[in-house]
Amino acid sequence: NISSAQSLATSGPAGDYLRFSGLLDLGIGQVINKSAAGIKGTVNEVHQAGSGGSVLDWMGRENLGGGMYSGFFLETSVQTDTGGIGSPPPGPYFNRTSAVYLGNQWGELALGQVRAPTYSNLVFHDPMFNNGYNGGMKLVSALGTKVNSLYQNINSINYFLPPGAGGGFYGHVQGTLGEGQPNQKYFGWNFGYASGPVDVGVARGTTQTTPGNPNYVMTNVGGSYDFGVLKLIGFYVNSKYGAASQNVYLAGMTFPIGVNQVKLTYSRGLYSGGILDGARANAAGVQVIHFLSKRVGIYGNLARVNNSGAAAFRLPTPQNTSSTLGGSSTGFDAGFRLAF
Amino acid sequence: NISSAQSLATSGPAGDYLRFSGLLDLGIGQVINKSAAGIKGTVNEVHQAGSGGSVLDWMGRENLGGGMYSGFFLETSVQTDTGGIGSPPPGPYFNRTSAVYLGNQWGELALGQVRAPTYSNLVFHDPMFNNGYNGGMKLVSALGTKVNSLYQNINSINYFLPPGAGGGFYGHVQGTLGEGQPNQKYFGWNFGYASGPVDVGVARGTTQTTPGNPNYVMTNVGGSYDFGVLKLIGFYVNSKYGAASQNVYLAGMTFPIGVNQVKLTYSRGLYSGGILDGARANAAGVQVIHFLSKRVGIYGNLARVNNSGAAAFRLPTPQNTSSTLGGSSTGFDAGFRLAF
Amino acid sequence: NISSAQSLATSGPAGDYLRFSGLLDLGIGQVINKSAAGIKGTVNEVHQAGSGGSVLDWMGRENLGGGMYSGFFLETSVQTDTGGIGSPPPGPYFNRTSAVYLGNQWGELALGQVRAPTYSNLVFHDPMFNNGYNGGMKLVSALGTKVNSLYQNINSINYFLPPGAGGGFYGHVQGTLGEGQPNQKYFGWNFGYASGPVDVGVARGTTQTTPGNPNYVMTNVGGSYDFGVLKLIGFYVNSKYGAASQNVYLAGMTFPIGVNQVKLTYSRGLYSGGILDGARANAAGVQVIHFLSKRVGIYGNLARVNNSGAAAFRLPTPQNTSSTLGGSSTGFDAGFRLAF
């Protein structure tokens, strides 16, 4: 398993290609939010990404000879439940990836909108790949800032180590120039080792916030170990923004039962300083996917977040905005997903 | 002719596929609006859907064995005259259909944005398929509400009877959960029979409006009979919103003259209660399509709407917003259409 | 070289086809703006079109027999650096071209959004095809109007002479109906001759501005001569808006050095009357492209604009909006481009 080593080129098949692909997921769910003050809000919803992130991809690649290659990768999220695409205007259309790359045996250079190195450990070492109610990022806070670097960065300059460098080492360094916008100047890196059953990585990234305010600094480690049947997965992330800081731990596992895949996740967040001083939260959940084919699956999730103190985390749905301050958020869903 | 029986799966070809297709239509037209008070407004325009609705489609399907299948259907309208796509922001990009489905011999389950069951009779039993100046929906009113259910519903849960169930019976049941938004909670169904020359259906749908106000309830029937050369087509629709109600009748026919197809339509609307109390309107028109190939055609339309009382219906173009209160709207166009 | 003779049909391959293609370009650049008053602004940026315009194209064509054909052409620009597409809402998605066409030996009729005839000489007779810091349009002003006709027109009706008419003559006539919007009613034409090494054209276009104000009238000529190794390219454009007028001259050349292509450009603008009375500006630059394959290239640009009087032209980037009034704008970049 070398998924966390993926450069843009290795995200697609080898050789020359031009292709359109995607994953579409739709489910029916219920989310119940409760605050410590007794406010309760329940929403039933059709939603878009209970198990797999709904995306459309356009990718191409050309081998230039002598080990050199070039390609592009355009990816957008799809709100399959309503027909929306990308981020709401004025956000971009290709809101996940928009990049052109050029590589050879010395590595790969990519420009454009690319996954932040500090996101890789958090998505590839989450059993849910940060999708749906059980997605692992829901306890990770921007600590009151409006930094745009938690997932991907626009206008970025990227260097990836060549695949399989040094027998399994991988690396990704990313910088953005800021271009006069606050919350968008970022520098970060991710280095790791993936070989056989093991995949471990460490990453660090710094984002400038608004003028006169401190940087948002994230450090994280992630790892997976595949025992053949059972796979253990986890990450730890620390962020600091001036006096505010967070420590979030996630542990998970995946294992098969027949043609079903079972995924378990547990995470815990501890916050100090700033708007979340003394807050605590934990999240736990299970997902089962029943595969009807290699590309089509039916799934169900159970998920819960518990908050204490100033914590108000909740299951990720834009529909239920009812308060969970010091309370809980509980949800379940069932749906199906189709890759093509 | 079983077009009104289409589930999402039967909208595309059989077997496994991934495809991009569409229909693009552009024409030049003139619309003259006159009000009873003597106001007259004339607009010449290039427009987008004189005969066929300009759309782009992305569809895929995989057979899962044992009669089970899964697929997706993404469809957006295209404003070919200006280059726009979907609904204007914040409306969705895939503004016609955005759905994933799973089916077997017991029927088909689909989630996402899907045609409302109450729209099927009005589009499939209109000789113009509700496109252009002669489209059949122009006398159908939302009766002063802002319900979003006249054409399709987002966040919907759908069940379709399997194709050919019981020797020609078809059915579609749809519900939406509302998700905290007004005008979007809907439940409706359409059942019918299509076999040989006959296709008849009946549908009913209820949409919640804003809190404290009555539901918008639509009931309709539609049918077609194909005499081999001549095809007769028609629908009747009744809607109620508290004291307001409408009854709209449409009758039409299609027949060939050589390689040309001729389409005639006549409709009449009677309104009582509410903002349209005592209003009357009728619409009539003709369309001729000259096919240059199976996929390419040249067309022309003549269309007219006559209003009396509080009726202010007009030919569907966003360019001519001049009043037709108690007056008329007249238009003609010529254009071409290309399917791919 | 008959590029400036392109109708919509001849923009794609011959025969029946349906295809998706594009060109994606990303570079890193710096732009330094200085005003005569001593204000200086420097921006470093990742940008989208240093050498080739980043676009996505969807095109299709069907031969109908007897020399008749029909097709469509949808083109959008891509902000590859951020993931944006088309024009910012409410601008269109297919912001370059959205058209359906029908042609035979007598010519080609096209409706929709199509390149203005008055733009053809300015883009096809610019060695940079109006892309990047060295793009030739940066000294061409709308003279204080908000006319939308400098590049392409929506809602347009177009006639193209058939390719190769009269042994090399080409022509394009375009009109728009305005449709009640200011700055959008246009009539223009472009006629020329392209055969062997020579390609020359002349164009004129008139755009209605806001009610009560004069028309914006543009006249231009452009030409290229290919000496085999060296190609000379240039245009002259005059625009008038009431008392305001501009005269812009551009001269350029392209030649190879090994697998590299070198492009030189020099332009000069003289303005009188209106907001730019007495203003002068010139622009010069060089671009080198090193081709790694037929479709992939690495490039670099050096570019400069000098202003005097009321001129405040600058290198085209939305990031550096620092004043260049009576001053200069200097930039350089390096990047890569990939066609597919």
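Just a few scattered comments:
- Among the candidates B:Phe313, B:Phe332, the residue that is in contact (Cβ under 8 Å) with a residue 60 or more places away in the chain, touching a Leu at 6+ places or on another chain (Cβ under 9 Å), part of a loop (DSSP other than H, G, I, E, B) and closer than 28 Å to B:Gly223 by Cα is uniquely B:Phe313.
- Of all residues in region B:214-236 being crowded, with 24+ Cβ neighbours inside 10 Å and touching a helix residue (DSSP H, G or I) at 6+ places or on another chain (Cβ under 7 Å), the one that is farthest from B:Val259 (Cα to Cα): B:Met218
- Test result for B:Lys138, buried (at least 18 other Cβ atoms within 10 Å of the Cβ), of a type in the set (Lys, Arg) and either over 30 Å from B:Asp25 (Cβ atoms) or at pLDDT below 95 (or both): no
- Filter pass, C:Gly12 being within 9 Å of chain A (Cβ to nearest Cβ), within 19 Å of C:Gln113 (Cβ to Cβ) and small (Gly, Ala, Ser): no
- Contact map, region A:85-106: first residue on the phi > 0 side of the Ramachandran plot, second residue small (Gly, Ala, Ser), Cβ cut-off under 9 Å, separation 6 or more or different chains; pairs are A:Gly86/A:Ser77; A:Gly86/C:Gly83; A:Gly86/C:Gly84.
- Each residue in region C:229-265 was checked for being in a loop (DSSP other than H, G, I, E, B) and hydrophobic (A, V, I, L, M, F, W, C), and 4 pass.
- For region B:160-181, the tally of residues that are within 14 Å of chain A (Cβ to nearest Cβ) and more than 20 Å from the chain's Cα centre (by Cα) stands at 5.
- Note on region A:266-294: residues that are of a type in the set (A, V, I, L, M) and not in a strand (DSSP E or B) total 4.
- The residues listed here are B:Asp16, B:Asp57; of these, the one that is among the acidic types (Asp, Glu) and surrounded by 16 or more Cβ atoms within 10 Å (Cβ to Cβ) is B:Asp57.
- Restricting attention to region A:200-213 and to residues that are among the β-branched types (Val, Ile, Thr) and part of a loop (DSSP other than H, G, I, E, B), the residue that is surrounded by the fewest Cβ atoms within 10 Å (Cβ to Cβ) turns out to be A:Thr210.
- Here A:Ala311 fulfils each of the conditions (1) out of contact with any Ser or Thr (no Cβ under 7 Å at 6 or more places or on another chain); (2) surrounded by fewer than 23 Cβ atoms within 10 Å (Cβ to Cβ); (3) not acidic (Asp, Glu) apart from (2).
- C:Ser141 within 19 Å of C:Asn238 (Cα to Cα) and touching a residue at least 24 places away in the same chain (Cβ under 8 Å): yes
- Selection within region C:227-282 - without any contact (Cβ under 8 Å) to a residue 60 or more places away in the chain and hydrophobic (A, V, I, L, M, F, W, C): C:Phe227, C:Val229, C:Leu230, C:Leu232, C:Ala243, C:Ala251, C:Phe255, C:Ile257, C:Val259, C:Val262, C:Leu270, C:Ala279
- Here the condition is being surrounded by 24 or more Cβ atoms within 10 Å (Cβ to Cβ) and closer than 30 Å to A:Val43 by Cα; of B:Gln181, B:Gln174, it holds for B:Gln174 alone.
- Verdict on B:Asn220 being within 17 Å of B:Tyr186 (Cα to Cα) and within 17 Å of the chain's Cα centre (by Cα): yes
- Candidate set: region B:283-314, residues that are closer than 15 Å to B:Asn131 by Cα and among the basic types (Lys, Arg); chosen: the one farthest from the other protein chains (Cβ to nearest Cβ): B:Arg304
- Among the residues listed as B:Thr10, B:Thr80, B:Thr42, the single one being hydroxyl-bearing (Ser, Thr, Tyr), over 30 Å from C:Gly175 (Cα atoms) and in contact (Cβ under 8 Å) with a residue 24 or more places away in the chain: B:Thr10
- Apart from one condition, C:Ala312 fits all of (1) touching a strand residue (DSSP E or B) at 6+ places or on another chain (Cβ under 6 Å); (2) within 21 Å of C:Gly136 (Cβ to Cβ); the exception is (1).
- Tabulated pairs, region A:113-127, first touching a residue at least 24 places away in the same chain (Cβ under 8 Å) and closer than 14 Å to A:Val140 by Cα, second among the hydroxyl-bearing types (Ser, Thr, Tyr) and outside any helix (DSSP H, G or I), C-beta under 6 angstrom, 6+ apart or interchain: A:Tyr119/A:Tyr151
- B:Val262 being of a type in the set (Val, Ile, Thr), out of contact with any Asp or Glu (no Cβ under 9 Å at 6 or more places or on another chain) and over 27 Å from B:Val147 (Cα atoms): yes
- Test: residue in region C:150-158 that is under 24 Å from C:Leu250 (Cβ atoms) and more than 14 Å from chain B (Cβ to nearest Cβ): yes
- Number of residues in region B:169-193 that are without any contact (Cβ under 8 Å) to a residue 40 or more places away in the chain and either over 23 Å from A:Gln30 (Cβ atoms) or in a loop (DSSP other than H, G, I, E, B) (or both): the value is 13.
- The set of residues in region A:35-84 being farther than 30 Å from A:Gln319 by Cα and of a type in the set (S, T, N, Q) consists of A:Asn63, A:Ser70.
The values are calculated or read from the model by the stated rules, or taken from the named source; none is laboratory data. Small disclaimer: the values here were computed from a predicted structure and weren't measured. In this analysis, Cβ positions are derived from the backbone assuming ideal geometry, glycine residues included, and neighbour counts consider all displayed protein chains.
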